[in-house]
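Heads up: the structure comes next, in C-alpha cells.
The values are calculated or read from the model by the stated rules, or taken from the named source; none is laboratory data. These figures come from a predicted structure and were not determined experimentally. Methodologically, a virtual Cβ is constructed for each residue, glycine included, from the backbone with ideal geometry; neighbour enumeration extends over all protein chains shown. Accessible surface areas use protein heavy atoms only, side chains included; no ligands, DNA or RNA. Shrake-Rupley method; radii C 1.70, N 1.55, O 1.52, S 1.80 Å.
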Amino acid sequence: MSCEKMAGISQDWEPVVIRKKAPTSAARKDEKAVNAARRSGAEIETVKKSTAGTNKAASSSTSLNTRKLDEDTENLAHEKVPTELKKAIMQARMDKKLTQAQLAQIINEKPQIIQEYESGKAIPNQQIISKLERALGAKLRVLLKVELS
C-alpha cells in the first residue's frame with residue numbers, strides 16, 4: 001500500500017477497558033489495594049473504630065468481676081481434714097506398720113492422697129475415708145462428724 005491510500009483511511013483508536021470484578025471488602029482493606037487507590041487518586045475513606053487497638057472487651061468484664069470480688073466479704077475456704085482425723089489416720093497406719101505408699105496401694109489411691117490426709121491439706125472425701133477405715137480397721141468417720149459439727 002502506498003502512503004496516499006493510507007491517508008484516506010482514518011482509524012479511531014478508542015480505549016477498550018476490560019474490567020475485573022469489584023474487589024471484595026477484605027481486598028479493599030488490603031494495604032496494597034489502599035496504596036494503589038491513593039496512587040490512582042481514588043477516594044479513600046478511613047474510619048477509626050472506637051475500641052480499636054484496645055482490649056476493652058476483656059478489661060471491662062474483668063473490672064466488674066474484680067469489683068464483685070472486692071465487695072465480697074465472705075471468707076470462703078475448702079473444708080480441710082480435721083486435726084483429730086489426721087492423727088487417727090497416722091496412728092492407725094503406724095500401728096499396722098505401714099508406710100504411706102503401702103497404705104495408698106492397699107486402698108488403690110496415690111501416695112500423695114495419704115500425704116494430704118495426714119498433713120491436713122486434703123478435702124475430706126467419704127469414699128476415701130471409708131477405704132481408709134477398712135484398710136486400717138479403725139473408725140474414722142466418727143471423728144470427722146464430731147469435728148465438723
_Flag for residue 38 being open to solvent by 80 Å² or more (accessible area, probe 1.4 Å), in a helix (DSSP H, G or I), at pLDDT 70 or above and farther than 30 Å from residue 128 by Cα_ = yes
*If you take the residues of the range 60-95 that are acidic (Asp, Glu) and open to solvent by 100 Å² or more (accessible area, probe 1.4 Å), which of them is modelled with the highest pLDDT?*
95
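For every residue, the table says whether it meets (1) without any contact (Cβ under 8 Å) to a residue 24 or more places away in the chain; (2) open to solvent by less than 90 Å² (accessible area, probe 1.4 Å); (3) closer than 11 Å to residue 81 by Cβ.
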position: 107; (1), (2), (3): no, yes, no
position: 117; (1), (2), (3): no, yes, yes
position: 120; (1), (2), (3): no, yes, yes
position: 127; (1), (2), (3): yes, no, no
position: 130; (1), (2), (3): yes, yes, no
position: 136; (1), (2), (3): no, yes, no
*Kindly provide the set of residues from the range 1-22 that are part of a loop (DSSP other than H, G, I, E, B) and at pLDDT below 65, ordered by number.*
1, 2
